[in-house]
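Worksheet: one structure, shown below.
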Amino acid sequence: MFDVASYFRWQDILDILVVAFVIYQLISIIRGTRSVQMVLGLGILFVVYFVAKIFELSTLMWMMQTFLSSILLIVIIVFQQDIRRALTQVGKSPFQKATDVADKDLDEIIRSVFYLSKRRIGALIVIERETGLQDYVESGFDLDARLTKELLISIFMPVSPLHDGGVIVHKGRIQSAGCILPLTQNPYINKKYGTRHRAAIGISEETDAVVLVVSEETQEVSVVRHGALTTVSDEISLSNSLRAIFIPKEGASHSWKSWF
């Protein structure tokens with residue numbers, strides 16, 4: 001035991017810790033997305049290749065070798081969205097503030113979405129966090145207005161020319177309305193969700209934004225993060241969810257442990 005330990009350098013320990021951290025972060029990025037099934041699919045192909053090699057199945061082995069010889073290109077094409085998200089995560093500062101949304105801003109948003117829900121009026125509100133949304137802001141109409149319940153409601157009223165797009169909230173202000181958001185390409189999304197929900201999931205897959213979506217058909221209010229959609233039943237549940245994201249306990253957002 002002592003002889004084995006003598007061969008270990010502090011660089012080896014650091015190397016193992018860094019690799020473990022990178023693997024953990026990669027798993028965190030793809031968790032809950034269709035990429036999990038893709039990784040399993042690639043794993044099965046590797047198993048098939050080694051089985052073919054063991055039993056000397058030459059034709060199958062040739063097919064697998066031909067396919068796996070282009071594995072790097074295949075990975076880039078198949079996982080391009082996850083690679084883009086990973087690079088965005090790498091570019092973040094661990095010491096950056098998690099949000100610029102104040103408690104009163106959340107109250108305005110919460111009251112507005114349930115007002116719209118009770119009247120069967122659809123809504124799509126994107127709350128920016130660390131990842132910039134300027135590309136999507138430019139697809140809509142610039143407002144840079146104070147965040148109020150009344151303004152949010154008026155934007156999503158059916159008679160409003162801006163009601164079809166999404167609203168982007170930046171630093172406690174309504175930065176843009178009528179924004180065009182990317183639709184999710186996830187084939188496993190429930191068929192009952194329409195374009196508004198698919199846009200909410202799509203923008204959350206590409207950025208770290210928190211999205212609120214109101215269904216005009218079912219009156220459901222949902223919170224979308226990292227491609228996962230969660231339906232909330234009342235204002236208290238939504239308030240607890242948003243405050244847990246945007247208003248962490250004092251000191252938690254600045255602790256180096258929270259980054260790891």
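Here's the yes/no breakdown for (1) within 21 Å of residue 182 (Cα to Cα); (2) surrounded by 13 or more Cβ atoms within 10 Å (Cβ to Cβ):
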site: 133; (1), (2): yes, yes
site: 140; (1), (2): yes, yes
site: 144; (1), (2): no, no
site: 150; (1), (2): no, no
site: 154; (1), (2): no, yes
site: 160; (1), (2): no, yes
site: 163; (1), (2): yes, yes
site: 167; (1), (2): yes, yes
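Checking the conditions here, which among 78, 48 is of a type in the set (Val, Ile, Thr) and more than 30 Å from residue 130 (Cβ to Cβ)?
Working: 78 fails: more than 30 Å from residue 130 (Cβ to Cβ).
After applying the criteria, what remains is 48.
Looking at (1) at pLDDT 80 or above; (2) of a type outside the set (S, T, N, Q); (3) outside the structural domain of residue 23 (by TED's automatic domain parsing), which one does residue 73 not meet, given that it meets all the others?
Answer for residue 73: the failing condition is (3).
Which of the residues that make up segment 118-138 are within 20 Å of the chain's Cα centre (by Cα) and assigned to a loop (DSSP other than H, G, I, E, B)?
So in segment 118-138, the residues within 20 Å of the chain's Cα centre (by Cα) come out as 123-137.
The answer is 128, 129, 130, 131, 132, 133.
Can you tell me which residue among 224, 214 is crowded, with 21+ Cβ neighbours inside 10 Å, under 24 Å from residue 147 (Cβ atoms) and within 16 Å of the chain's Cα centre (by Cα)?
On the way: 214 fails: within 16 Å of the chain's Cα centre (by Cα).
Unique residue meeting the criteria: 224.
Among 189, 174, 180, which is the only one that is crowded, with 18+ Cβ neighbours inside 10 Å and either among the aliphatic types (A, V, I, L, M) or in the same structural domain as residue 121 (by TED's automatic domain parsing) (or both)?
Working: 189 fails: crowded, with 18+ Cβ neighbours inside 10 Å; 180 fails: crowded, with 18+ Cβ neighbours inside 10 Å.
Result of the check over 189, 174, 180: 174.
Looking only at segment 34-77, count every residue that is more than 27 Å from residue 190 (Cβ to Cβ), under 30 Å from the mean Cα position of the chain (by Cα) and among the aliphatic types (A, V, I, L, M) and tell me the total. Quick ask: steps written out before the conclusion?
Applying the first criterion (more than 27 Å from residue 190 (Cβ to Cβ)) to segment 34-77 yields 45-76.
From what's left, under 30 Å from the mean Cα position of the chain (by Cα): 45-46, 68, 70-76.
Restricting the remaining residues to those that are among the aliphatic types (A, V, I, L, M) gives 45, 68, 71-76.
Total meeting the criteria: 8.
Step by step: first the residues of segment 1-33, then only those that are at pLDDT 65 or above and in a loop (DSSP other than H, G, I, E, B), then the one that is nearest to residue 187 (Cα to Cα). Which residue is that?
31
Could you please find all residues in segment 151-187 being touching a residue at least 24 places away in the same chain (Cβ under 8 Å) and of a type in the set (D, E, K, R)?
Answer for segment 151-187, where residues must be touching a residue at least 24 places away in the same chain (Cβ under 8 Å) and of a type in the set (D, E, K, R): 171, 173.
The values are calculated or read from the model by the stated rules, or taken from the named source; none is laboratory data. Computed from a prediction, not measured in an experiment: that's the story for all the values here. Don't worry about glycine lacking a Cβ; one is built from the backbone with ideal geometry, like all the others, and counts go over all protein chains shown.
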